[in-house]
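Read the structure below first, then the notes.
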Amino acid sequence: MNTKSTFGIHFILKRSKMIDGTAPVYVRITVDSSRCEISLKKRIPIINWDNGKGMAKGKSIEIARLNSYLEQIRSQLTGYYQDLIIAKQTITPGAIKDKFCGIEKSGRTLNELVEYHNSHMDLNLKWGTLKNYHTTAKYIILFLNKTMKRNDIFLSELNYKFITDFEYYLRKHKPSDHQRPMQNNAVMKHLERLRKMVTMAVRLEWLDKDPFAAFKLHFKKVEREFLSEAELSAIEKKNFTMERLGYVRDLFVFACYTGLSYIDVMNLTPSNIRKGINGMNWIITQREKTLTPVRIPLLEQAQSLIDKYESNPRSQNKGALFPILSNQKLNSYLKEIADLCEIDKNLTFHVARHTFATTVTLTNGVPIESVSKMLGHTNLKTTQIYARVIEKKIADDMVKLQERLSDKENPISLNHRNKVR
């Protein structure tokens, strides 16, 4: 924790509380741009006060005693300031005031909580999730520095206002690099991570009450991107002159016909391919993200791609089904593929998972319960986020409905149709 700060002590009169020409004496403590005031329970005639020097003026014994008392207070407050530096605690006017008033605050700070969470949860959280927590920690530091002019705060200082101020900061934050400003759900994700860390502090008894108790997270429903049948076909049939684009296309198409995420595709080995109950080859694995078992019958389109890379030296060296490629490079190349195939969508590898759920399975009549199992979901509601009803399915359903309605109006037509069948 950075303890370097500007520190000042100044004695003032509260003229707003003047009675019969006298006003109370206060001491004002300033640290950086923050300040607080403490009543010293002393009053003095306004005419006997020197505003510039911040002390009483005159030669009487009472004036001399008051100035002596003020110097004792100055020395005492300076001592508390030095104590905070030595103890490497957060230095604030409030912390100095608390020491002066005999109030001891918890020594636990927000940065300590973040560090404790990230160091103790590294075995329980996946690397990508932990990386997101580090990003949230970065924004907390930026918020403290810019908005509160501090590097850290005590956990006991966390309150509803801190949360709403942090939310406002995230929404208004303008990145200095190429990134776009945060949208609502990104802001909510940072607040959700902060809430989980604060909940840990409550359970550890570092906090007496949860400042998030009255705060509600508001996520907006987002339409998940997926490819139409025509767009998927365009990618499958496209001839790429660059080998790397052809390989990325194959990985993407494989995911479109299996519903696997990037990390789950990269983790596949020949041992994950086994004969299923119907005699077909099945992928039998578990999701890296949730460790949920996954069993997926292999469609011909996916099986052909496994066969294509079966003898690839890069696959064999790693003992994997496919040559390893980083997610960052893969998504970068997918942008090129989208341009070359004239697909005006933000093509990422996860779009393949959505495409499997919608275009490949649900649109073709696969029950949502089966799709949920193949995606490795433990809750059907999660699948319903992926599985939207698309226009083609609506059109087909409405044609069938029209036929039924027409048959009811024209029974003769229905009898004729039955005879033909």
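Yes/no matrix, rows are residues, columns are (1) of a type in the set (A, V, I, L, M); (2) assigned to a helix (DSSP H, G or I):
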| residue | (1), (2) |
| --- | --- |
| Ile163 | yes, yes |
| Arg171 | no, yes |
| Met182 | yes, no |
| Asn185 | no, yes |
| Lys196 | no, yes |
| Ala213 | yes, no |
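Give the range 200-211 a look and list any residue that's closer than 12 Å to Leu155 by Cβ and in a helix (DSSP H, G or I), or say none. Walk me through how you get there before you give the answer.
In the first step, residues of the range 200-211 are kept if they are closer than 12 Å to Leu155 by Cβ; the result is 200-202, 204-211.
Those that are closer than 12 Å to Leu155 by Cβ and in a helix (DSSP H, G or I): Met200, Ala201, Val202.
Please count how many residues of the range 75-91 are open to solvent by less than 70 Å² (accessible area, probe 1.4 Å), part of a helix (DSSP H, G or I) and without any contact (Cβ under 8 Å) to a residue 40 or more places away in the chain. Count: 2. Among strands (runs of 3 or more DSSP E) entirely within the range 228-333, having at least 2 residues that are without any contact (Cβ under 8 Å) to a residue 60 or more places away in the chain singles out 273-275, 281-286. Scanning the range 264-307 for residues that are among the charged types (D, E, K, R) and open to solvent by 70 Å² or more (accessible area, probe 1.4 Å) turns up Arg274, Lys275, Lys289, Arg295, Glu300, Asp307. All conditions but one from (1) in contact with a strand residue (DSSP E or B) (Cβ under 7 Å, 6 or more places away or on another chain); (2) more than 21 Å from Gly276 (Cβ to Cβ) apply to Gly376; the one that does not is (2).
Only one of (1) out of contact with any Phe, Trp or Tyr (no Cβ under 8 Å at 6 or more places or on another chain); (2) hydrophobic (A, V, I, L, M, F, W, C); (3) within 30 Å of Pro181 (Cβ to Cβ) fails for Ile46. Which number is that? Exception for Ile46: condition (3).
Selection of the range 314-334 for residues being over 17 Å from Glu243 (Cβ atoms) and open to solvent by less than 80 Å² (accessible area, probe 1.4 Å) yields Gly319, Ala320, Leu321, Asn327, Asn331.
The values are calculated or read from the model by the stated rules, or taken from the named source; none is laboratory data. Nothing here was measured: the structure is a model prediction, and the numbers come from that model. With ideal geometry, Cβ positions are generated from the backbone for all residues, glycine too; neighbour counts draw on all protein chains shown. When the accessible area is computed, the model is the full protein with side chains, heavy atoms only, and any ligands, DNA or RNA have been set aside. Shrake-Rupley method; radii C 1.70, N 1.55, O 1.52, S 1.80 Å.
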